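Colleague: Dumping the structure here so I can ask a few things about it.
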Amino acid sequence: MKPIVIGSDHAGFALKAVLKEMLAPTHQVIDVGTDNEDAVDYPDFAVKVGQAVLGSQADRGILICGSGVGASVAANKIKGIRAGLCHDCYSAHQGVEHDNMNVLVLGSRVIGPSLAHDLVMQFLAAEFTGEERHVRRLAKVAAIEASFGSPALEGGSVQAR
């Protein structure tokens, strides 16, 4: 497996540090920031994680913010990113198996380090089944994505509207 990319805003910084330490013995981790608890904007890190996954620097990404909601919304605006906000182990592996999820989103103010570690391990251990029904559904998702696009992220950067 290629490296895993991980990014967070200020609210997710502490959980990101814990996860990096937990993953270090078994995985190569690319940290795209933030590097401290000074306030930053979660969309910037969603873009960095998404770019690393889409650019093949990492097979999968982990994105952390306070609730996970904002980071999930931002990551899913990136064409080709299938981010899932998960706070239970079933969703963390099923999201990969059925939906080919490539970014796991966590809310650092919602879950603790032990559960976060379990979620990450479920996410990383899961494989897309490739079953016809899942492929068909993902094709429909891709058609939606192509139809509506991601105008806020054209050119690979976040633009003000």
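Colleague: Provide a single number: the residues in segment 16-41 that are within 22 Å of LEU115 (Cα to Cα) and either under 14 Å from the mean Cα position of the chain (by Cα) or among the aromatic types (Phe, Trp, Tyr) (or both).
Modeller: 6
Colleague: Quick one: in segment 1-10, which of the residues that are under 21 Å from GLU127 (Cβ atoms) and touching a residue at least 60 places away in the same chain (Cβ under 8 Å) is surrounded by the fewest Cβ atoms within 10 Å (Cβ to Cβ)?
Modeller: So, considering only residues that are under 21 Å from GLU127 (Cβ atoms) and touching a residue at least 60 places away in the same chain (Cβ under 8 Å), the one surrounded by the fewest Cβ atoms within 10 Å (Cβ to Cβ) is MET1.
Colleague: Give the residue, chosen from SER72, SER67, SER56, that is in contact with a strand residue (DSSP E or B) (Cβ under 6 Å, 6 or more places away or on another chain) and part of a loop (DSSP other than H, G, I, E, B).
Modeller: Working: SER72 fails: part of a loop (DSSP other than H, G, I, E, B); SER56 fails: in contact with a strand residue (DSSP E or B) (Cβ under 6 Å, 6 or more places away or on another chain).
Answer to the selection: SER67.
Colleague: Go through GLY107, GLY112 for me and flag whichever is over 20 Å from ALA146 (Cβ atoms), buried (at least 19 other Cβ atoms within 10 Å of the Cβ) and among the small types (Gly, Ala, Ser).
Modeller: GLY107
Colleague: Just to be sure before I move on: is ALA17 among the small types (Gly, Ala, Ser) and touching a helix residue (DSSP H, G or I) at 6+ places or on another chain (Cβ under 7 Å) in the structure I sent?
Modeller: Judged against the criteria, ALA17 is not a match.
Colleague: Mind checking whether some residue in segment 122-140 is hydrophobic (A, V, I, L, M, F, W, C), under 12 Å from the mean Cα position of the chain (by Cα) and modelled with pLDDT of 95 or more?
Modeller: Yes, because at least one residue in segment 122-140 is hydrophobic (A, V, I, L, M, F, W, C), under 12 Å from the mean Cα position of the chain (by Cα) and modelled with pLDDT of 95 or more.
Here's the yes/no breakdown for (1) crowded, with 17+ Cβ neighbours inside 10 Å; (2) at pLDDT 95 or above; (3) among the β-branched types (Val, Ile, Thr):
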{"residue": "THR26", "(1), (2), (3)": "no, no, yes"}
{"residue": "ASP35", "(1), (2), (3)": "no, yes, no"}
{"residue": "ALA39", "(1), (2), (3)": "no, yes, no"}
{"residue": "PHE45", "(1), (2), (3)": "yes, yes, no"}
{"residue": "GLY50", "(1), (2), (3)": "yes, yes, no"}
{"residue": "LEU54", "(1), (2), (3)": "no, yes, no"}
{"residue": "GLY68", "(1), (2), (3)": "yes, yes, no"}
{"residue": "ILE81", "(1), (2), (3)": "yes, yes, yes"}
{"residue": "SER91", "(1), (2), (3)": "yes, yes, no"}
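Colleague: Considering only residues that are of a type outside the set (Phe, Trp, Tyr), touching a residue at least 24 places away in the same chain (Cβ under 8 Å) and part of a helix (DSSP H, G or I), which ones fall in segment 11-39?
Modeller: Matches in segment 11-39: ALA11, GLY12, ALA14, LEU15, LYS16, VAL18, LEU19, MET22, LEU23.
The values are calculated or read from the model by the stated rules, or taken from the named source; none is laboratory data. Every value quoted in this text rests on a predicted model; they were computed, and no experiment measured them. With ideal geometry, Cβ positions are generated from the backbone for all residues, glycine too; neighbour counts draw on all protein chains shown.
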